[in-house]
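Here the structure comes first, spelled out in structure tokens, and everything after it is commentary.
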Amino acid sequence: MNALTVKDLHVKIGESHILHGVTFDVPAHKVTALLGRNGVGKSTTLKSIMGLYQGTGSIELNGSQILGTPTYKIAQAGVAYVPEDREIFSSLSVRENLALASRSKNNGEAYKTIYELFPELDSRATQLAGSLSGGQQQMVAIARALLNENEILLVDEPTKGLAPKLVTEVASALMKVAHQTTMLLVEQNLALVKRVAENIIVMDQGRVIFQGGPENLSDPAWVHQMLGVSGGHK
Amino acid sequence: MEAFILIGITGIGLGALYFLIASGLSLIYGLMGVLNFAHGSFLTVGAFVGFWVASKMGFETTIPEFILAMIVGGLAAGLFALLIEQLLITRLYERHIDQALVTVGVSLVVGAVLGGWFGNDLRMFPTPMWFLTAIDVGGAQIPADRVIYISTAILLLIGNWALLKFTRIGLIIRAGVENRHMVDALGINVRKAFSTVFFLGGFAAGVGGVLVSVYSNGVSPLIAGSYLIYGFIVVVIGGMGSVPGSFLAAMLIGIIKQFANYYATGLGDFVVVILLAVVLLIRPQGLLGKVRA
Ligand SMILES: Nc1ncnc2c1ncn2[C@@H]1O[C@H](COP(=O)(O)OP(=O)(O)O)[C@@H](O)[C@H]1O
Ligand SMILES: [Mg+2]
């Protein structure tokens, strides 16, 4: 069963044609990693799923078409988004960032879960989110996505720019969440990808060039050819 | 010393009027990126409806009657703003140049219709007698109407702050000023916040319209023009999207303008334009504005 099915997705931003017929599936209750060099269109793909860019083709969430639907309805349908630049609200406190995101009144359990994952968010509740460190901001961005019941989580480079200790913390939080949800994860850290991903998609120049199991990630030649990095030893 | 106090308080009173129009302009721009040139017509609608209510009471009103006229004028302007938003602005979502043109059009139509109907001459606004008395502040004789301008602006500032700080819609508005696409991505229809902001901005402008008519010794479709321009200047100096910034800038401009005019008639406008240029050069985001991502 696929949670998300993207078919022949074309997206233009202004005059530039960024996605050239992207096609892939995200199986339910699994973590799928979306990989590829910088600038191949991974973030654009996630934003298009979120309805932040318009495109043609088809995007189905549990069998219903969501392409062309307003962003807020896509989110209400159960697509949660952790954007590449975190995009937390810096002039709001941590508590306000979370309160804004929580759409259900019955959110006691959800809050408990996120404070267990990130105890710091509880102790820093009144701090302005803009004054948090990059890692703490990432925690806010992830927690925000976990406060509602979701069909799928879209997570864009959650460990980008974080110190090694925080990479570990964010990664372990993601691994805990991974058991309970469907996730489409863009991530450059191959060590993390190997630990969480059950399925991988590789993009190049606005197209999908590979979809399959994660076994190939252990083959340095394959990794070098597909991703242009030497990742086998990580 | 007395002259100093009189000019200072008159400046603050004038600043209060600027704030009433600028607070809505600032939030509307901050949240939606709309340069709302129709805002002056909200002021005019509030002034005329308030005038109509006050005129029912006779040539003079009691203070409660005047406050009633002010609130009804504000509500009428708020509803008018909501109508404009629903009929015109929502259809031009994210088309900023078209929005600017349409809102200019609205202000021209409102001015022309009211001008055709009532003429452009000033009509005396029925005010309480108390407004014509003077209050002694440190030896200076301050016209009592200034007290109403200043206290109304302070009440609206507090109301605005409380709404933004303590309600869910306020939270959505503050977040939306920062990043409205992310608010949408959290499953919140940010356009509902747009309607609230239009209503509130219209309400403040409408209340301001009644007070401006008192300050200008009468209502006319022509009074809104210069206040709209000052409203935009206040918004730019205070910082787009920041209500406290608008308050600060409005007071600053009111006071500076009054003092400059005291030393040379007409110097006030010139000094304000210089101030605008200086702020744009050294702090383009405005006094309390944030640099946008
Ligand atoms: N807002 C934009 N306007 C124009 N081009 C863009 C915009 N965003 C991304 N691009 C271009 O689209 C391509 C894909 O970008 P992106 O999806 O961010 O790649 P990735 O996330 O895989 O690194 C890049 O060539 C980038 O320069
Ligand atoms: Mg990216």
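Just so you know, all these numbers are worked out from the coordinates, no wet-lab data involved. All of these numbers come straight from a predicted model, not from anything done at the bench. Heads up, the Cβs are rebuilt from the backbone with ideal geometry, glycines too, and the neighbour counts pull from every protein chain shown.
Before moving on, here are some points about what is shown:
- Residues of the range A:35-49 satisfying the condition of being small (Gly, Ala, Ser), more than 8 Å from ligand 2 (Cβ to nearest atom) and within 14 Å of the chain's Cα centre (by Cα): A:Gly41, A:Ser48
- The C-beta contact set for the range A:12-39 (first residue over 21 Å from A:Leu217 (Cα atoms) and away from chain B (no Cβ under 14 Å), second residue within 11 Å of ligand 1 (Cβ to nearest atom) and charged (D, E, K, R), distance under 7 angstrom, 6+ apart or interchain) comprises A:Ile18/A:Lys12.
- Residues being at the interface with chain A (Cβ under 10 Å from one of its Cβ atoms), surrounded by 22 or more Cβ atoms within 10 Å (Cβ to Cβ), within 16 Å of B:Leu25 (Cβ to Cβ) and touching a helix residue (DSSP H, G or I) at 6+ places or on another chain (Cβ under 6 Å) are entirely absent from the range B:179-201.
- Close pairs from the range A:42-55: first within 12 Å of chain B (Cβ to nearest Cβ) and part of a loop (DSSP other than H, G, I, E, B), partner of a type in the set (Val, Ile, Thr) and near ligand 2 (Cβ under 9 Å from one of its atoms), Cβ under 8 Å, at least 6 apart: A:Tyr53/A:Thr44
- Flag if A:Lys105 is under 21 Å from A:Leu190 (Cα atoms) and loosely packed, with under 14 Cβ neighbours inside 10 Å: no
- Enumeration of residues in the range A:95-113 that are away from chain B (no Cβ under 13 Å) and part of a helix (DSSP H, G or I): A:Gly108, A:Glu109, A:Ala110, A:Tyr111, A:Lys112, A:Thr113
- All positions within the range B:1-54 that are over 15 Å from the mean Cα position of the chain (by Cα), assigned to a loop (DSSP other than H, G, I, E, B) and buried (at least 23 other Cβ atoms within 10 Å of the Cβ): B:Val34
- Helices (runs of 4 or more DSSP H) wholly inside the range A:124-228 containing at least 3 residues that are within 14 Å of another protein chain (Cβ to nearest Cβ): A:134-146
- Matching residues in the range A:154-182 - criterion: being over 24 Å from A:Arg37 (Cα atoms) and among the basic types (Lys, Arg): A:Lys165, A:Lys176
- The range A:58-94, subset away from ligand 1 (no atom under 16 Å from the Cβ) and assigned to a strand (DSSP E or B), residue farthest from the chain's Cα centre (by Cα): A:Ser93
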